[in-house]
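Before any comments, here is the structure.
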Amino acid sequence: MDAKRAAQVMAELQKLYPEAKPELHFRNPYETLIATILSAQCTDKRVNLVTARLFPLYPDAFAMAKLTPEELEPLIKECGLYHNKAKNIVAASRALVGQYDGVVPSTREALMKLPGVGQKTAGVVLLAAFGDDQIPVDTHVFRVSRRIGLADANTPEKVEQQLRALLDRDIWSLGHHLIIWHGRRCCHARKPECERCPLNAGLCEKHMES
Ligand code: SF4
């Protein structure tokens, strides 16, 4: 797809979801980091329920670093993958205390050295907590952008590179949210609702093939 059509896709999605914004709840970079680690293979709604109880008890890296993973596990169990998530959250909190005086670093390089923080989580934290232009590729962005034809690579990292090359930098962050909203509300993993999708009139490559 060329840049002009990609911009039309973004414009259609903006019309459809004028209120698109992050659906995870957080108030500072530390909460953003923890909520994003918890959100792997879990709904934002469930993460929000868990963090509403967790953050008042353990509001920062210093408090969380004092826990053992075993103590944290029951508090985050509902989010799934809780064994690994607890291990990573405690280890990341200890690293923040030990190396950054409890402050979440604002560079991708430093973030990705923290336990449990990969390309996507680092991108979400940079975007949501620090206002960077980023277009992190989660499961929705990966699926939907490939269906539409905004990307065709077969890994999230390569899809992110393609989206960065195709889309204007000033739409990256909003585009991330727009594509996620579309994936959650219309272009579902199993049964995309193409009949009511505004991209079905010549903008979505998957729809044009079928
Ligand atoms: S036309 Fe169908 S496949 Fe394409 S973006 Fe819309 S819902 Fe998804």
All conditions in (1) within 18 Å of the chain's Cα centre (by Cα); (2) not assigned by TED's automatic domain parsing to the domain that holds ALA122 are true of ILE37 except (2)
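From the list VAL47, VAL104, exactly one residue is within 21 Å of PRO22 (Cα to Cα) and either without any contact (Cβ under 8 Å) to a residue 40 or more places away in the chain or assigned to a helix (DSSP H, G or I) (or both). Which is it? Working first, answer last.
Numbers: VAL104 fails: either without any contact (Cβ under 8 Å) to a residue 40 or more places away in the chain or assigned to a helix (DSSP H, G or I) (or both).
When all the criteria are applied, what remains is VAL47.
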Note on TYR82: of the conditions (1) assigned by TED's automatic domain parsing to the domain that holds PHE142; (2) surrounded by 14 or more Cβ atoms within 10 Å (Cβ to Cβ), unmet is (1)
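This table checks each residue for (1) more than 24 Å from GLN119 (Cα to Cα); (2) assigned to a helix (DSSP H, G or I); (3) among the hydroxyl-bearing types (Ser, Thr, Tyr).
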{"site": "LEU24", "(1), (2), (3)": "no, no, no"}
{"site": "LEU33", "(1), (2), (3)": "no, yes, no"}
{"site": "PRO59", "(1), (2), (3)": "yes, no, no"}
{"site": "GLU71", "(1), (2), (3)": "yes, yes, no"}
{"site": "PRO74", "(1), (2), (3)": "yes, yes, no"}
Check your understanding: In this structure, does ILE135 turn out to be away from the ligand (no atom under 13 Å from the Cβ) and touching a His at 6+ places or on another chain (Cβ under 6 Å)?
Key -> yes
Sole miss for GLU195 among (1) near the ligand (Cβ under 10 Å from one of its atoms); (2) outside any helix (DSSP H, G or I); (3) exposed (fewer than 14 other Cβ atoms within 10 Å of the Cβ) is condition (2)
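Let me confirm something: among VAL117, VAL90, which residue is surrounded by 15 or more Cβ atoms within 10 Å (Cβ to Cβ), within 23 Å of GLN161 (Cα to Cα) and touching a helix residue (DSSP H, G or I) at 6+ places or on another chain (Cβ under 8 Å)? Quick ask: steps written out before the conclusion?
Details: VAL90 fails: within 23 Å of GLN161 (Cα to Cα).
Answer to the check: VAL117.
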Taking the stretch 160-192 and keeping only residues that are more than 14 Å from the ligand (Cβ to nearest atom), closer than 13 Å to ALA6 by Cβ, surrounded by 16 or more Cβ atoms within 10 Å (Cβ to Cβ) and of a type in the set (A, V, I, L, M, F, W, C), one is left with LEU163, LEU166, LEU167, ILE171, TRP172
Counting only residues that are charged (D, E, K, R), modelled with pLDDT of 95 or more and either touching an Asp or Glu at 6+ places or on another chain (Cβ under 7 Å) or under 18 Å from ALA91 (Cα atoms) (or both), the stretch 15-59 contains a total of 2
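Does ARG190 satisfy being free of Cβ contacts under 8 Å to residues at least 40 places away in the same chain, outside the structural domain of LYS120 (by TED's automatic domain parsing) and either within 25 Å of SER106 (Cα to Cα) or of a type in the set (A, V, I, L, M, F, W, C) (or both)?
Numbers: free of Cβ contacts under 8 Å to residues at least 40 places away in the same chain: yes; outside the structural domain of LYS120 (by TED's automatic domain parsing): yes; either within 25 Å of SER106 (Cα to Cα) or of a type in the set (A, V, I, L, M, F, W, C) (or both): no.
So ARG190 does not fit the description; no.
The values are calculated or read from the model by the stated rules, or taken from the named source; none is laboratory data. Predicted, not measured: the structure shown is a model, and the values here were computed from it. Here the Cβ is made from the backbone with ideal geometry for all residues, glycine too, and neighbour counts use every protein chain on show.
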